[in-house]
Amino acid sequence: MQKSEKFRTFTPMKARFAPSPTARMHLGNVFCALLSWLSIKSRQGSWLLRIEDLDPDRSRREYADHIMRDLEWLGLTWDEGPYYQSERHSLYAEALEKLKAAGLVYPCFCTRADIMATQAPHESDGRIVYAGTCRARPFIEKDLERAAVRLRVPDEEIRFTDGHYGPQSVNLSRHCGDFIIRRKDGAWGYQLAVVVDDTSMGITEVVRGRDLLLSSPQQIYVARLLGCEPPSFTHLPLLCNAAGQRLSKRDHGIDMEYLRATYSAGEIIGRLAWMAGILSLPRPVSPEELIPLFRWDKVPTEDHLTFSMR
Ligand code: GLU
């Protein structure tokens, strides 16, 4: 048998790192990047970089450049990309056309205040469940150009198995309601763009923080509507500060500017690998050295991990 025949049916394993260039990376982002990189490299797959600069008000090219320089400095090199979502509008527009043709979208004129007014008190945990107010309006296609565009969701459970947190079942009508796939100002919604990109880029595995775990059923739903195979989803514990809050830009000493001035790349990678259960003690190490040591069953399944560089 010829070598080319042997590999003909093989689907290459591919993961991606998809940062939004709205700030310099911090340790939480690096933790996701490292584990996504290790997960795919430990199975000889490739790693793609996609810059999610959908929001023109918050995205900056200089942050994208910083992210790339920081990844290189850490030794987390990518095999494909960078791709920029801001250069892929026509693909998102094509997907919207498909959903429109299937009668699954409608224009929404609700303001944030209208939406908040429909929230029952028990839903006010930060999550907004859209009550479907504009679903009932007569459909006027032209309105799609001057309003937000929402995608109808069914009142049924979407089931999937997270690679780290196990079986999940989410009813989108209760979890989020019909969701926005294009904002009123024309900016594409994350849930649509990410599905178009993951499926068209041949991504087989998504690894990211568990704050996005409940975005996965939305993405599985959109992929199905577009007739595409969704990737597998594996979520990670979130890194928290000593007060138990998720690490954010407000925490001192965790952004890459400070870290690069204070520690070596090996020290940062070693500390994160220790948090992830891959090293028994923190020590300076390169991502490459961790590849043979990586296994998902070593990574803790708590929702949060308390982080400190000391
Ligand atoms: N761009 C998103 C973020 O930086 C991540 C999206 C994803 O991994 O699906 O939070």
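The values are calculated or read from the model by the stated rules, or taken from the named source; none is laboratory data. Source: prediction; values computed, not measured. Cβ atoms come from the backbone with ideal geometry, glycine included; neighbour counts cover every protein chain shown. What goes into the accessible areas is simple: the full protein's heavy atoms, side chains included, and nothing from ligands, DNA or RNA. Shrake-Rupley method; radii C 1.70, N 1.55, O 1.52, S 1.80 Å.
Here are a few things to note about the model shown:
- Qualifying residue in segment 63-75 (condition: away from the ligand (no atom under 16 Å from the Cβ) and crowded, with 19+ Cβ neighbours inside 10 Å): yes
- Taken over segment 245-270, the criterion of being of a type in the set (S, T, Y) and under 24 Å from R283 (Cβ atoms) is satisfied by Y258, T262, Y263, S264.
- Selection of first residues in segment 186-215 that are among the acidic types (D, E) and of second residues that are open to solvent by 40 Å² or more (accessible area, probe 1.4 Å), restricted to Cβ pairs under 6 Å at least 6 apart or on distinct chains, gives the following pairs, ordered by first then second residue: E205/S232.
- Pairs with Cβ under 6 Å, 6+ apart, first in segment 51-68 and over 8 Å from P21 (Cβ atoms), second β-branched (V, I, T) and surrounded by fewer than 19 Cβ atoms within 10 Å (Cβ to Cβ): R58/T22
- Failed item, numbered, when R150 is tested on (1) at pLDDT 95 or above; (2) farther than 26 Å from S36 by Cα; (3) not in a strand (DSSP E or B): (3)
Yes or no, residue by residue, for (1) modelled with pLDDT of 95 or more; (2) in a strand (DSSP E or B); (3) among the polar types (S, T, N, Q):
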| site | (1), (2), (3) |
| --- | --- |
| Y83 | yes, yes, no |
| S86 | yes, no, yes |
| S90 | yes, no, yes |
| L96 | yes, no, no |
| D125 | no, no, no |
| I128 | no, no, no |
| K142 | yes, no, no |
| I158 | yes, yes, no |
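- Condition broken by W47, with the remaining ones in (1) assigned to a helix (DSSP H, G or I); (2) more than 12 Å from the ligand (Cβ to nearest atom); (3) open to solvent by less than 20 Å² (accessible area, probe 1.4 Å) satisfied: (1)
- Among the residues of segment 164-203, those identified as away from the ligand (no atom under 14 Å from the Cβ) and in a loop (DSSP other than H, G, I, E, B) are H164, Y165, C176, G177, D178, R183, K184, D185, G186, G202.
- For the residues S216, S308, S248, the requirement of being within 19 Å of the chain's Cα centre (by Cα), of a type in the set (S, T, Y) and surrounded by fewer than 17 Cβ atoms within 10 Å (Cβ to Cβ) singles out S248.
- Screening C228 against (1) within 12 Å of the ligand (Cβ to nearest atom); (2) outside any helix (DSSP H, G or I) leaves a single unmet condition, (1).
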